[in-house]
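See structure below.
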Amino acid sequence: MTWWVQAGIVLAALLISVGVGWVVTVAVLRLAKVPDVAVARYERDSHGRAVPVLGVEDAATKPAPLLRGGLWIGILERVAVTGAIIAGMPTLVAFVVAVKGLGRYPELKEHAGASERFIIGTLASMIVAVGVGLLCRWLLDH
């Protein structure tokens, strides 16, 4: 197989990973409806200290917060994961997950409802990226 055919297969795999991953991730997130969530609220006690008070808010009335930059992060994540699999370096996937998790940690800690969407979206995206990467590796090897 010539180098330009291999390059074309790799480029096609990266584009497919980004496109299909986006469609699958959006579909999975739409299917994963978030149930009523416990939301921590704070009230002041008689000494002026903030005390958490748990209440339940309907997810329909309070939408889960969206994390900014998710589209671009998802695109870069799928390119990096698919590229790592194609390059035969699957351990690099751990770095992608670590960077994404550490970068989002402050937002996820602040918004409990967003963490569920983050995990579901990340797993759906990773499954597609790894699958496309493995398929590409198989095509390049045969």
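Residues in region 84-97 that are open to solvent by less than 30 Å² (accessible area, probe 1.4 Å) and more than 14 Å from the chain's Cα centre (by Cα): 3 in all. Among the residues of region 74-124, those that are of a type in the set (A, V, I, L, M) and assigned to a loop (DSSP other than H, G, I, E, B) comprise Ala87, Met89. When we screen Ala40, Ala59, Ala64 for residues that are surrounded by 14 or more Cβ atoms within 10 Å (Cβ to Cβ), at pLDDT below 90, of a type outside the set (Phe, Trp, Tyr) and farther than 22 Å from Gly101 by Cα, the only hit is Ala59.
Exactly one residue among Val53, Val26 is among the aliphatic types (A, V, I, L, M), within 20 Å of Arg117 (Cα to Cα) and modelled with pLDDT under 95, and that residue is Val26.
So that you can scan it fast, the table gives a plain yes or no per residue for (1) farther than 21 Å from Ala12 by Cβ; (2) surrounded by 15 or more Cβ atoms within 10 Å (Cβ to Cβ):
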{"residue": "Val99", "(1), (2)": "yes, no"}
{"residue": "Leu108", "(1), (2)": "yes, yes"}
{"residue": "Ala112", "(1), (2)": "yes, no"}
{"residue": "Gly121", "(1), (2)": "yes, yes"}
{"residue": "Val132", "(1), (2)": "no, yes"}
{"residue": "Arg137", "(1), (2)": "no, yes"}
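The values are calculated or read from the model by the stated rules, or taken from the named source; none is laboratory data. Only a predicted model underlies this, so the values are computations on that prediction, with no experimental measurement involved. When we count neighbours, we look across all protein chains shown, and the Cβ atoms used for this are built from the backbone with ideal geometry, even at glycine. Areas reflect the complete protein model, heavy atoms only, side chains present, ligands, DNA and RNA absent. Shrake-Rupley method; radii C 1.70, N 1.55, O 1.52, S 1.80 Å.
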